[in-house]
1. Among the strands (runs of 3 or more DSSP E) confined wholly to segment 3-86, which include 1 or more residues that are without any contact (Cβ under 8 Å) to a residue 24 or more places away in the chain?
2. Being of a type in the set (S, T, Y) and at pLDDT 95 or above is the filter; apply it to segment 2-56 and report the residue that is surrounded by the most Cβ atoms within 10 Å (Cβ to Cβ).
Amino acid sequence: MEKKSSPHSIKKRYLQVKVFPRSKNPGVFPQENGTFIVRVTAPPEKGQANREVLARLAAYLNLPLQRIQIHRGHTSRYKVIVIDNS
């Protein structure tokens with residue numbers, strides 16, 4: 001008999017994010033296509049914007065910051081964020 005996976009058995013989830021650094025209106029804005037726009041006040045220097053992106057997404061998704069990280073796009077405004085559900 002085949003075992004079906006439940007949503008709780010998925011170990012990692014990936015989110016596509018477009019980042020707008022130095023924004024005057026910070027926040028997390030989900031899009032209809034399943035991606036997110038994240039506006040941050042920090043400049044894109046020395047990882048400041050990346051840290052704020054992770055903090056804002058973690059707060060928006062009600063997750064501990066330790067479970068969320070940048071998978072791809074550390075130096076790009078287009079990022080793939082991975083959420084560890086284990």
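1. 27-30, 36-39, 68-72
2. For segment 2-56, the residue satisfying everything is S23.
The values are calculated or read from the model by the stated rules, or taken from the named source; none is laboratory data. Nothing here was measured: the structure is a model prediction, and the numbers come from that model. A quick note on method: Cβ atoms are made from the backbone with ideal geometry, for glycine too, and the neighbour counts reach across all protein chains shown.
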